[in-house]
Ligand code: PRP
Ligand code: URA
C-alpha cells in the first residue's frame, strides 16, 4: 500500500480551521470541501486517458480525455462532506453509499446501508471518509467492495491515526491511501488526537 500524506501549506492552513473548536458548521463544511478538492489532484493522477481528435480555432489535433469510470464511495455520514468536492472535478462520477457507524462501546463498524452503482466493477473507486481512527470503518468498506469484485480502490481521508493506517496496511496492502494529515494517535475513546472531534457531528451540526 502506498500512503501519501499531503504536505501543502493550503491544506495545513485549512486543517487548522477544521481542528478549531470555534469553527462553525458552515465554515467547517466549506473548509472540508476545499481540502477534499485539493486532495483529488494527487489521488487521480493515474486515471486512464484516451486520445480523441478535436479542432482548435487554429488546426485539427489529437488530445487526451478521461477514459475510466470513477465511483465515489462516501462512508455515511461524514464521508458525504467530501462528495461535492470530488463531483465538482469529476462530474461524470457515480456515487455508491455505504452506511457504517462505529459502535461506541466496542468501536467495531456496524453496517446499516449500501447502494452501489451498476458499473462499479469497471470503476476506479475512491472511498471518502474524513476520519481514519482505528481503521475499522474503512477496512469494512474495502472488504465489502472487494467481496463485490472491485479491484481498483483508493481511500481519501482528511485525518488519520497511525494505528488505523497500520491496520489498513496489514489487511489491504494493495490499497492507496491519500491522507491530508497523520495525527499523533487515539485516545481512550478511540478518538484521534489532536484530531478535530466527531466529523459527522461537526459537518451536520448534530452536537
Ligand atoms: C466516524 C468517521 C469514520 C469512523 C472512523 O464515523 O466518519 O467513519 O468514525 O472510526 P474508525 O476508523 O475507528 O472506524 P461514525 O461511526 O462516528 O459515524 P457518523 O459518520 O455517522 O458520525
Ligand atoms: N470518528 C470521528 O469522527 N472522529 C474521531 O476522532 C474518531 C472517529
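Results for (1) touching a strand residue (DSSP E or B) at 6+ places or on another chain (Cβ under 7 Å); (2) closer than 19 Å to residue 66 by Cα, shown as yes or no for each residue.
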site	(1), (2)
83	yes, no
89	no, yes
116	no, no
125	yes, yes
153	yes, yes
166	no, no
177	yes, no
Filter region 111-138 down to residues that are outside any loop (DSSP other than H, G, I, E, B) and near ligand 1 (Cβ under 8 Å from one of its atoms) and give me whichever is nearest to residue 201 (Cα to Cα). 131
Quick one: in region 167-200, which of the residues that are under 13 Å from residue 134 (Cβ atoms) and without any contact (Cβ under 8 Å) to a residue 24 or more places away in the chain is farthest from ligand 2 (Cβ to nearest atom)? 170
Residue 87 vs. criteria free of Cβ contacts under 8 Å to residues at least 60 places away in the same chain and loosely packed, with under 13 Cβ neighbours inside 10 Å: no
Please indicate, with yes or no, whether at least one residue in region 94-103 is out of contact with any helix residue (DSSP H, G or I) (no Cβ under 9 Å at 6 or more places or on another chain) and modelled with pLDDT of 95 or more. yes
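The values are calculated or read from the model by the stated rules, or taken from the named source; none is laboratory data. Bear in mind the structure is a predicted one, so any value in this text is a computation, not a measurement. Using ideal geometry, Cβ is built from the backbone for each residue, glycine included, and neighbour counts are taken over all protein chains shown.
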